[in-house]
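Each reported figure results from applying straightforward, stated rules to the coordinates on display, with no laboratory input. Everything numeric here is computed off the predicted structure, so don't read it as measured data.
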Amino acid sequence: MKQKLSPKAARDKAIRDKKIAMTADRRKKKAENQRLRRQKLKDLQEDGKTLTQARAWLDKHDYDHKDRRWETIKNNRGNGGKGTKTEKA
């Protein structure tokens, strides 16, 4: 759900978010994720899934950089039910 922010606050948040997204660590994770998703798509097709089925599987899963495995988006965002408040970077 989109946050209800004033135009100035939304602009400031966009600048902060962009700055965080472009850090070396985040860029490295984005590149790794792109490589892994392309490889997973290939692997799923080699395992007998159609391109549509493989893309549908990828739409429901994210790569968890901390656990080094594929997880459902729901589990990855919520840290497997533990939440993110106590998460260490």
* To do: Quick one: compute the contact order of the chain, relative version, from alpha carbon pairs under 8 angstrom and 6+ residues apart, as a percent.
  => 13
* Asked: Which whole number of Å³ per residue matches the convex hull of the alpha-carbon atoms in the chain?
  -> 137
* Calculated from backbone phi, Karplus (6.51, -1.76, 1.60) coupling profile of region 24-29 in Hz, x at Gly/Pro -> 4, 5, 5, 5, 5, 5
